Amino acid sequence: MARALGNGWAAAGHELRYGGRGEVREAVAFGDVTLLAVPVSALAEVLGEEDFEGRTLIDCTNAFEPDGGSMVLGEDAVAERVAELAPGARVVKAFNLCAAEVWEADERVFEGRRLAVPLCGDDAEALAAVEQLVRDLKAEPVRAGGLNRARYLEAMSAFVVGLWFAGVDARAALPPLEAAFAIPD
Ligand SMILES: NC(=O)c1ccc[n+]([C@@H]2O[C@H](COP(=O)([O-])OP(=O)(O)OC[C@H]3O[C@@H](n4cnc5c(N)ncnc54)[C@H](OP(=O)(O)O)[C@@H]3O)[C@@H](O)[C@H]2O)c1
């Protein structure tokens with residue numbers, strides 16, 4: 001995910017620093033925004049000793065665990081745990097829905113609609129920064145509520161990816177907005 005998203009941001013003109021093992025501190029200190037793209041099992045180790053005070057931290061992680069041919073979540077609120085592990089960080093859940101291959105490809109418009117990226121977070125400045133990073137990837141940001149709603153985005157990812165792995169087009173299960181009875185007649 002770091003490579004896939006990072007290449008897109010580099011192409012949009014951003015300067016990046018990748019923080020592999022032993023380099024996390026330098027990467028966190030480098031930029032305005034940090035992308036957290038590690039296995040959930042590594043979160044405590046990666047976040048534990050860094051100072052994220054005031055920094056925007058994008059959490060794209062998924063706590064997927066195998067469950068037969070599909071997957072379930074090993075925990076149900078990773079982004080909230082990230083916020084606890086990184087006190088002072090302005091955490092935004094984003095980019096956990098689409099596979100890295102989506103970001104490595106050029107296509108952003110599917111069936112005539114630009115790919116939307118739901119964002120969950122509590123800090124307006126951080127959300128605005130991540131919205132711009134979404135646009136820099138030629139996708140459309142969608143504010144989807146506070147960090148307390150990130151758990152639904154995480155569950156959605158597990159459910160939808162499970163459908164995709166089963167060969168079901170998850171887009172077919174959802175009506176367009178006009179037919180969703182969410183707006184008055
Ligand atoms: N791949 C996807 O399509 C996709 C889509 C949406 C969300 N996600 C989520 O994004 C996160 C990253 O996934 P990924 O596919 O990019 O994984 P990945 O290719 O395995 O990369 C994970 C990176 O984290 C590093 N890492 C692991 N443990 C670490 C530690 N203790 N300290 C420092 N670095 C550590 C790894 O370093 P080493 O190589 O040295 O182990 C590797 O560079 C996961 O939470 C995943 O659920 C993935």
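For residues in the stretch 79-102 being within 15 Å of the ligand (Cβ to nearest atom) and exposed (fewer than 13 other Cβ atoms within 10 Å of the Cβ), which is farthest from residue 57 (Cα to Cα)? Among residues in the stretch 79-102 that are within 15 Å of the ligand (Cβ to nearest atom) and exposed (fewer than 13 other Cβ atoms within 10 Å of the Cβ), the one farthest from residue 57 (Cα to Cα) is 101.
Right, residue 51: of a type in the set (D, E, K, R), surrounded by 12 or more Cβ atoms within 10 Å (Cβ to Cβ), more than 8 Å from the ligand (Cβ to nearest atom) and in contact (Cβ under 8 Å) with a residue 60 or more places away in the chain or not? No, not satisfied.
Of the conditions (1) touching a Pro at 6+ places or on another chain (Cβ under 7 Å); (2) within 30 Å of residue 49 (Cα to Cα); (3) not β-branched (Val, Ile, Thr), residue 135 satisfies every one except a single condition; which number is it? That leaves (2) as the condition not met. Checked across the stretch 34-42, the condition of being touching a strand residue (DSSP E or B) at 6+ places or on another chain (Cβ under 9 Å) and more than 10 Å from the ligand (Cβ to nearest atom) holds for at least one residue. When the stretch 13-38 is filtered for residues that are farther than 15 Å from residue 58 by Cβ and surrounded by 13 or more Cβ atoms within 10 Å (Cβ to Cβ), only 29 remains. If you go through the stretch 47-69 and keep only what is within 24 Å of residue 9 (Cα to Cα) and assigned to a strand (DSSP E or B), you end up with 56, 57, 58, 59.
All conditions in (1) within 16 Å of the ligand (Cβ to nearest atom); (2) surrounded by 12 or more Cβ atoms within 10 Å (Cβ to Cβ) hold for residue 149, with the sole exception of (1). Among the candidates 78, 142, 91, the residue that is at pLDDT 95 or above, hydrophobic (A, V, I, L, M, F, W, C) and closer than 24 Å to residue 13 by Cβ is uniquely 142. For the stretch 1-31, taking the residues that are without any contact (Cβ under 8 Å) to a residue 12 or more places away in the chain and not small (Gly, Ala, Ser), the one that is farthest from the ligand (Cβ to nearest atom) is identified as 26.
Output the number of residues of the stretch 103-123 satisfying the condition of being surrounded by 15 or more Cβ atoms within 10 Å (Cβ to Cβ) and in contact (Cβ under 8 Å) with a residue 40 or more places away in the chain. Summing the residues that are surrounded by 15 or more Cβ atoms within 10 Å (Cβ to Cβ) and in contact (Cβ under 8 Å) with a residue 40 or more places away in the chain in the stretch 103-123 gives 3.
None of 72, 142, 160 is in contact (Cβ under 8 Å) with a residue 60 or more places away in the chain, part of a strand (DSSP E or B) and surrounded by fewer than 19 Cβ atoms within 10 Å (Cβ to Cβ) except 72.
The values are calculated or read from the model by the stated rules, or taken from the named source; none is laboratory data. Everything quoted here is computed from the prediction, not taken from an experiment. Because the Cβ atoms are built from the backbone with ideal geometry, glycine has one as well, and the counts that use them run over all protein chains shown.
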